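Below is one structure, written out as structure tokens; the observations come after it.
The values are calculated or read from the model by the stated rules, or taken from the named source; none is laboratory data. Just so you know, these numbers come straight off a predicted model, no measurement behind them. No Cβ is skipped: glycine too gets one built from the backbone with ideal geometry, and neighbour counts run over all protein chains shown. The accessibility values were calculated without ligands, DNA or RNA, using every heavy atom of the protein model including side chains. Shrake-Rupley method; radii C 1.70, N 1.55, O 1.52, S 1.80 Å.
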Amino acid sequence: MKNYTKLYINGEWVAPDGEGACQVINPANNQPAGSVPLGNEHDVDAAVQAANNAFLSWSQTSSVKRAEFIGAIAARLNERKEEMGALICSELGMPMSWSVAVQAGMPAGVMASHAEFPVEMELEESAGSSLVLREPIGVCGFITPWNYPLHQIVGKVAPALAAGCTMVVKPSSEAPLNAFLLAEIIDEVGLPPGVFNLVSGPGKAVGEAISSHPNVDMVSFTGSTRAGIRIAELAAPTVKRVTQELGGKSANLILEDADLEAAVTKGVSDVCINSGQTCAALTRMLVPAALYEQAVQIAKQAMENTPQGDPLSDVFMGPMVSEKQRETVCRYIEKGIQEGATLVTGGVEKPSGLESGAYVKPTLFSDVNNGMVIAREEIFGPVLCMIPYETEEEGIEIANDSVYGLSGAVWSQDADKAKAVARRVRTGQVSINGGGFNIVAPFGGYKQSGNGRELGRHGLDEFIEIKSLQLN
Ligand code: NAD
């Protein structure tokens, strides 16, 4: 069990000004997993000051040197992958093998993929008589959630380092331990003091202080739409750049000629992975009416066959992140039943033998229409809504009938047709016939799923200011 008592500010572990500790609970058994300090607005001030002081020299560090630091952090993340995976398993509850691969391995890959970007900051272009330059935006504040906690931090830290920005990171209170291990790694590789600072604590105190701080140039936020709106409001008076990666209610559009078995089974595993706590989860499955009953039976089988249990054992699904999250998900399950959807499998009772953790059974609703609350709001749990449609046009219409626009999927044996339909889905990414998440492709949302992109070259752009030299 890791009990961190200090914050990482200006290249040192320092005692916080804020009092008390944030207890981290292992949701598999509701026992303590560790703790981190509860920072406050004075700690944010100190961290922003350090980031400000470090900015000038870090932004002028050669691209080769910045690439070396990024490579060194990636290598250490990779070396400590098992330890990181176990830590995230203990705070989040994702099964160990998945946690090592997805929660620890993927961010190591994301960090490594950014080593090629520092040199891009040197690109210049001509525009008539002007020379157009790229410069780092400055001091960045990063506020992140718990569901892919390290990935979401690294998706911001890596491009910021590449661009030459300095930063203050505030991790979630549910899964903050991984951020402290990252800080240890950053300390080990000798990143210059003040470039990376870590202040844990409540969203209200620490997150709001970062969002409104006059010396922070940009806030990058991942989390709920509710908090994202609040952060944008707080950032407005100081005209910060704000990027937001928010919620989703993504549609899995299965066309008439799709491989139904493959599409439905993959759709179920997509909703169950990380206990459904995935912003891009395909939680609305849209199926041609003629194939609907068959699809429901395939989904039921797949859900009931999903191994669930102690994250330290060989299972696909563990608990929710917390009892609180379990309660939220159960309220939605009850709502779905009240609204008249058919509960095909799952429900609000804990799975037998798993009563001491925050477990929710994989849950399937049929007879859902897109107007129901369970089809409109993000549940953030292993709950799949199956919605029938009559024509392809109607399927696309239902897919787009959401305030969100984060992700989606289209299945058809005719890949060209699938791509044509995908172009009409108004979301930041669309998986074609099960195409997987790609760490170098831009990720982000349309509509109320956010602003801006992370990962790859487009992710770097968010951290760049453009300067024109008007030549004579
Ligand atoms: P959350 O919004 O409650 O918290 C996210 C972070 O914001 C935490 O660090 C929290 O402490 C902080 N925060 C909360 N209120 C704040 C405030 N008033 N001011 C400043 N900071 C504040 O979200 P969560 O419950 O941790 O995460 C789940 C949500 O995140 C889901 O809605 C999910 O869809 C979304 N999410 C989106 C993406 C994406 O890339 N689009 C990725 C992962 C999660």
Mind counting the residues in region 245-271 that are surrounded by fewer than 23 Cβ atoms within 10 Å (Cβ to Cβ) and among the polar types (S, T, N, Q)? 2
Working only within region 397-451, note down all residues that are in a strand (DSSP E or B) and hydroxyl-bearing (Ser, Thr, Tyr). Tyr404, Ser431, Tyr446
Cβ-Cβ under 6 Å pairs, at least 6 apart or on other chains, region 240-268 side free of Cβ contacts under 8 Å to residues at least 12 places away in the same chain, far side open to solvent by less than 20 Å² (accessible area, probe 1.4 Å) and more than 13 Å from the ligand (Cβ to nearest atom): none
Counting only residues that are open to solvent by 80 Å² or more (accessible area, probe 1.4 Å) and over 17 Å from Pro214 (Cα atoms), region 14-56 contains a total of 5
Options Ala235, Ala280: the member that is within 12 Å of the ligand (Cβ to nearest atom) and in the same structural domain as Asn53 (by TED's automatic domain parsing): Ala235
For a quick check of your reading of the model, give me the residue pairs whose first member lies in region 332-350 and is in contact (Cβ under 8 Å) with a residue 40 or more places away in the chain, whose second is open to solvent by 50 Å² or more (accessible area, probe 1.4 Å) and in a loop (DSSP other than H, G, I, E, B), with beta-carbon atoms closer than 8 Å and at least 6 apart or on different chains. Tyr332/Glu377; Ala341/Asp367; Thr345/Lys361; Gly346/Lys361
Is region 458-469 home to any residue that is of a type in the set (Lys, Arg) and crowded, with 21+ Cβ neighbours inside 10 Å? no
Taking region 238-253 as the search range and keeping residues that are under 30 Å from Pro382 (Cα atoms) and either part of a helix (DSSP H, G or I) or of a type in the set (S, T, N, Q) (or both), which one is nearest to the ligand (Cβ to nearest atom)? Gln244
Looking at Val344, is it touching a Lys or Arg at 6+ places or on another chain (Cβ under 9 Å), open to solvent by 30 Å² or more (accessible area, probe 1.4 Å) and either closer than 29 Å to Ser90 by Cα or not β-branched (Val, Ile, Thr) (or both)? no
Would it be correct to say that Glu120 is acidic (Asp, Glu), out of contact with any Leu (no Cβ under 9 Å at 6 or more places or on another chain) and touching a residue at least 12 places away in the same chain (Cβ under 8 Å)? no
Filter region 223-232 for residues that are within 6 Å of the ligand (Cβ to nearest atom) and not hydroxyl-bearing (Ser, Thr, Tyr); which is nearest to Asn147 (Cα to Cα)? Gly223
Take the residues of region 173-201 that are under 22 Å from Pro159 (Cβ atoms), assigned to a helix (DSSP H, G or I) and open to solvent by less than 30 Å² (accessible area, probe 1.4 Å): which is nearest to the ligand (Cβ to nearest atom)? Ala179
The condition from (1) among the β-branched types (Val, Ile, Thr); (2) buried (at least 24 other Cβ atoms within 10 Å of the Cβ); (3) more than 16 Å from the ligand (Cβ to nearest atom); (4) part of a helix (DSSP H, G or I) that Val287 misses is numbered (4)
The conditions are (1) open to solvent by 30 Å² or more (accessible area, probe 1.4 Å); (2) of a type in the set (A, V, I, L, M, F, W, C); (3) over 21 Å from the mean Cα position of the chain (by Cα), and Ala86 fails exactly one of them. Which is it? (3)
Determine whether Val102 is closer than 22 Å to Leu38 by Cα, open to solvent by less than 40 Å² (accessible area, probe 1.4 Å) and within 16 Å of the ligand (Cβ to nearest atom). no
Which residue is farthest from the ligand (Cβ to nearest atom), if the candidates are limited to region 202-220 and must be open to solvent by less than 10 Å² (accessible area, probe 1.4 Å) and under 18 Å from the mean Cα position of the chain (by Cα)? Ser220
